[in-house]
Amino acid sequence: MRISIWPGAEHPYSEVLSMARHAAETGWDGVWFADHFMPNDEDDSGPILECGSVVAALGATVPRVRIGTLVYGNTYRHPAVVANMAATVDRISAGRFVLGVGAGWQINEHRQYGITLPPPRERIDRFEEAVQIMLGLLRQPRTTFEGKHYQVVDAVCRPQPVQEPLPLMIGAKGERRMLGIVAKYADLWNAWGVPSFIAHKSAVLDRFCAEVGRDPKAIDRTAQALVSVGEPLPDDASGPPVIGGSPSRFADAVAEYREIGLDELIIPDELLGTGAAKLAAMDTILGIVRG
């Protein structure tokens, strides 16, 4: 099972770079970065680094590890623009980029920037069209696509990525449509969740794969949860999923993820402390996962 770090976009770039370099130096497999423009809080004034700029910078300055977007929101950019960005970062990183995409959701970003956030059905329709355009541009010499929401005509994306193909990850948990889109198009699937939740969603994805005639093993399963290896777990059940609370309890959770066939565990840095303590927590986590 691969292990990757997810630095928070609210940190100064110097701190993000420190975590990414530490991950590369100590044996982690990947570094992921979120695509947002402001906090999703009542106080939205805190700083947030822009995703595309950061992954390009990490690709140029951090060796060895895979670097990916977790995940680009489809509503923010035309899919042809995203394809060109992805191909460029793959070139910058010498073939280590993973293009993670999702349908988009954060309300305050759309409201403040005047970006339309369609209702869920249209948003998913747009997303499926966008995925087809991105895959066409990244994997074919030219792409023509005539959809309801997007159109491209004899379109090129040059230079092409180093990787053939550049892997596409889709972040999704919806059992009516989104996991079906994962089954049709994705190389990796991602969702927040503790092992039991991921096992359930993974089984749904398997069923969608059977419907479209695709081998479910062709799609890597990735997941994340907040991790504590030194402090009691938060009591807020309404927040993101949390695992650990101690090294032994984290090890138990890792064993459960392995048992359900998870291919990659992604660790957000939110509960890992600051400065040297955060890097020490990363070392503890890596030691447990590597066994």
The stretch 6-65, convex hull of Cα, quarter of hull surface, nm² -> 3.9
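Report, in deg cm²/dmol and to the nearest 500, the calculated mean residue ellipticity at 222 nm for the chain, where each DSSP H run with n ≥ 4 adds -39500 (n - 2.57) and the sum is divided by the residue count. Could you put the intermediate results ahead of the total?
Values: 9 runs with 121 residues, N = 291.
Result for the chain, helices only: -13500 deg cm²/dmol.
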So in the chain, what percent of DSSP beta bridges are antiparallel if you round to the nearest 5? 10
Compactness of the stretch 2-290, expressed as Rg and Dmax over alpha-carbon positions, Å: 18.5, 56
For the stretch 207-283 and the stretch 138-191, what is the centre-to-centre distance using only Cα atoms, to the nearest Å? 26
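Rounded to the nearest 20 debye, what is the charge dipole size of the stretch 1-135 about its Cα centre when +1 sits on each Lys and Arg Cβ and -1 on each Asp and Glu Cβ? Mind dumping the intermediate values first?
Values: 11 positive and 16 negative charges, 123 e Å.
Using only the charged Cβ atoms, the result is roughly 580 debye.
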Place a point 7 Å from Cα of VAL81 in the direction of its Cβ. Which residues in the stretch 135-170 have their backbone N less than 16 Å from it? 150-152
With label points built 7 Å along Cα→Cβ from the Cα atoms of GLN151 and GLU231, find their separation and express it in nm. 5.4
Can you tell me the relative contact order of the stretch 1-95? Whole percent, Cα pairs under 8 Å, sequence separation 6 or more. 28
Taking 8 Å as the Cα distance limit and 6 or more residues as the minimum spacing, I'd like the relative contact order of the chain as a percentage. 16
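Count the lysine pairs in the chain whose Cα atoms lie under 20 Å apart, taking only pairs 8 or more positions apart in sequence or on different chains.
Values: LYS148/LYS184; LYS173/LYS184; LYS173/LYS201; LYS173/LYS217; LYS184/LYS201; LYS184/LYS217; LYS201/LYS217.
The number of close lysine pairs in the chain is 7.
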From the P(r) of the stretch 63-146, could you give the percentage of C-alpha pairs in the tail past 18 Å? 47
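Values in this text are rule-based calculations from the coordinates and carry no lab data. Not measured: the values here are computed from a predicted model. Here Cβ is always computed from backbone atoms with ideal geometry, including for glycine, and neighbour counts include all displayed protein chains.
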